[in-house]
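> The following block contains the structure, expressed as structure tokens.
The values are calculated or read from the model by the stated rules, or taken from the named source; none is laboratory data. The structure presented is a predicted model; accordingly, all values stated were derived computationally and were not measured. All Cβ positions, even for glycine, are placed from backbone atoms using ideal geometry, and neighbour counts span all protein chains on display. The protein model used for the area step is the full one, side chains on, heavy atoms only, and it has no ligands, DNA or RNA in it. Shrake-Rupley method; radii C 1.70, N 1.55, O 1.52, S 1.80 Å.
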Number of protein chains: 6
Amino acid sequence: MASNEVWLESLITATPQEGRALAILMARKTIGAIQSDPEIKKALREKYATDSAQLIASAEVVAIEFRTVAEANNYWRK
Amino acid sequence: MASNEVWLESLITATPQEGRALAILMARKTIGAIQSDPEIKKALREKYATDSAQLIASAEVVAIEFRTVAEANNYWRK
Amino acid sequence: MASNEVWLESLITATPQEGRALAILMARKTIGAIQSDPEIKKALREKYATDSAQLIASAEVVAIEFRTVAEANNYWRK
Amino acid sequence: MASNEVWLESLITATPQEGRALAILMARKTIGAIQSDPEIKKALREKYATDSAQLIASAEVVAIEFRTVAEANNYWRK
Amino acid sequence: MASNEVWLESLITATPQEGRALAILMARKTIGAIQSDPEIKKALREKYATDSAQLIASAEVVAIEFRTVAEANNYWRK
Amino acid sequence: MASNEVWLESLITATPQEGRALAILMARKTIGAIQSDPEIKKALREKYATDSAQLIASAEVVAIEFRTVAEANNYWRK
């Protein structure tokens with residue numbers, strides 16, 4: 001990774017909704033780890049946010065990350 | 001996410017059928033989190049709903065999300 | 001979903017073979033939930049059924065759905 | 001499915017190698033369930049068997065099916 | 001499969017590193033099961049080894065196979 | 001693999017953040033195992049780091065690898 005920033009202290013979240021936000025963050029951080037240039041990232045983001053096939057592919061990544069987060073949290077069962 | 005709306009209070013559903021509906025909602029909400037403009041979303045939706053490859057990719061995302069929901073619900077075993 | 005039809009009462013099936021049929025049904029129902037127009041669905045089906053890449057992608061969706069069904073049925077172990 | 005042939009009596013196999021063969025069969029049977037015309041299937045097979053991207057996609061389907069088979073067999077641990 | 005060669009006697013490996021090698025072998029053997037002609041395989045290999053999208057897709061297959069191997073080995077926990 | 005270098009001694013990491021770094025390493029090592037030429041690898045890397053679809057595909061591989069790492073570490077639950 002380009003920086004030593006610690007962004008993932010834990011997979012535990014208070015709610016499923018926060019788990020979704022973490023899954024999205026995880027996906028974005030991977031892309032940031034591969035492409036760290038802010039200008040290029042912004043241009044790429046504009047591209048995939050208006051391309052339905054790439055949006056679906058992004059949703060797949062988030063779904064996979066969320067599975068891990070949900071499992072870590074024992075599905076937030078009460 | 002663009003809004004602070006809480007849409008995922010729990011992964012628990014009463015029936016498998018409701019679990020399918022939740023899985024579809026989860027996939028849609030991810031796309032809405034990345035692309036929040038209603039006009040662009042509508043145009044993209046028209047595109048992928050008439051493209052067989054993108055429909056299959058969408059079905060894959062739903063299948064992954066459903067797995068998590070099914071597991072959370074212990075597969076609705078009685 | 002376009003209709004309120006309940007098509008998924010349970011993930012439990014008597015045999016692995018019936019589990020495969022359910023996995024295929026699950027994949028098809030997702031596509032039907034996104035694209036409910038019968039004419040468009042028929043045209044898209046003709047397209048992906050003659051495109052090897054799309055057939056392989058369809059098989060991947062079925063494989064993911066089947067995993068969930070198999071797990072729900074404890075792999076039909078005796 | 002086009003026929004009522006029962007091809008999946010059990011997920012249990014004697015060895016990991018037989019589990020691989022079953023995973024490949026499962027992937028092929030899904031494609032046969034969607035496209036049952038033997039002439040079309042043969043033409044499509046020739047296409048994907050000489051296209052590296054489609055071969056890799058096929059290998060992904062087999063990997064997913066194998067995971068289910070391996071789990072059903074408790075990984076053939078002794 | 002084209003041959004009756006037994007190449008997968010067990011999913012158990014001594015180390016995680018050997019587990020990675022097995023995962024790569026599993027992916028390659030699937031491709032060899034679909035396309036057994038050595039000349040065609042060599043040509044296809046040259047193609048995907050110089051295509052970044054296909055390399056990433058290959059890495060996905062290996063990741064899926066490795067998950068199964070890791071699980072079989074109880075993650076090589078001591 | 002081209003070399004006998006041992007790079008994966010264990011799936012256990014001290015923190016989730018280190019688990020992410022390991023998942024990224026695992027994905028990269030697979031690509032290095034298939035394409036070991038440093039010049040070609042560098043050119044391919046420049047290509048996929050500026051292609052949004054390939055970045056998303058890379059993020060999917062990392063998500064799958066991370067799931068295995070997270071499971072091995074029992075999700076770093078305390």
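> Rounded to the nearest 100 Å², what is the buried accessible area between A and F, both sides summed, probe 1.4 Å?
2500 Å²
> Could you tell me how many degrees, from 0 to 90 and to the nearest 10, lie between the Cα long axis of helix D:52-72 and the main elongation axis, the longest principal axis, of the Cα atoms of chain D?
30 degrees
> Under 12 Å from the Cβ of residue C:7, count the other residues' Cβ atoms, weight Lys and Arg +1, Asp and Glu -1, and hand me the total.
+1
> Carbon-plus-sulfur fraction of the accessible area of the stretch E:37-78, 1.4 Å probe, in percent?
Within the stretch E:37-78, the accessible surface is 53 percent carbon and sulfur.
> What's the angle, to the nearest 10 degrees (0 to 90), between helix E:16-34's Cα axis and the longest principal axis of chain E?
40 degrees
> Right, next: Order B:50, D:30 by their accessible area, 1.4 angstrom probe, all chains in place, largest first.
Highest to lowest solvent-accessible surface, that is B:50, D:30.
> Distance between Cα centroids, the stretch B:1-47 to the stretch E:19-78: provide it in whole Å.
Cα centres, the stretch B:1-47 to the stretch E:19-78: 34 Å.
> If you keep only loop residues by DSSP, which chymotrypsin sites (Phe, Trp or Tyr not before Pro) in the stretch B:7-78 have at most 15 other Cβ atoms within 10 Å of their Cβ?
Those satisfying the criteria are B:7.
> Moving on to the next point. To the nearest 10 degrees, how steep is helix A:38-48 against the longest Cα principal axis of chain A, on a 0 to 90 scale?
Around 80 degrees separate the two axes.
> Between copies, how far apart are the residue B:14 label points? List them in nm, one decimal, shortest first, with each point 7 Å from Cα toward Cβ, please?
Counterpart label points of residue B:14 in the remaining copies fall at 2.9, 2.9, 5.1, 5.1, 5.9 nm.
> Could you state the accessible area per residue of the stretch D:16-76 in Å², with a 1.4 Å probe and every protein chain left in place?
Roughly 35 Å² per residue, with all protein chains present.
> Please state the shape class of the stretch D:16-76: rounded when a/c is under 1.5, otherwise prolate if a/b exceeds b/c and oblate if not, all from the C-alpha gyration tensor.
prolate
> If each DSSP helix of 4+ residues adds -39,500 (n - 2.57) and the sum is divided by the residues in chain E, what number results at 222 nm, nearest 500 deg cm²/dmol?
Theoretical 222 nm ellipticity from helices: -22000 deg cm²/dmol.
> One decimal, nm, shortest first: give the distances between the label point of residue E:36 and those of the same position in the other copies, each label point 7 Å from Cα along Cα→Cβ.
Those label-point separations list as 2.8, 2.9, 4.9, 4.9, 5.7 nm.
> Cross-link partners among aspartates and glutamates for residue B:47, C-alpha distance below 17 Å, same-chain residues fewer than 8 apart left out?
Partners within reach: A:51, B:37, B:39, C:37, C:39.
> Follow-up. Starting from the exponent 0.38 and prefactor 2.2 Å, build the expected Rg for the protein assembly as shown from its residue count and divide its actual Cα Rg by it.
Rg over 2.2 N^0.38 Å, computed on Cα atoms: 0.93.
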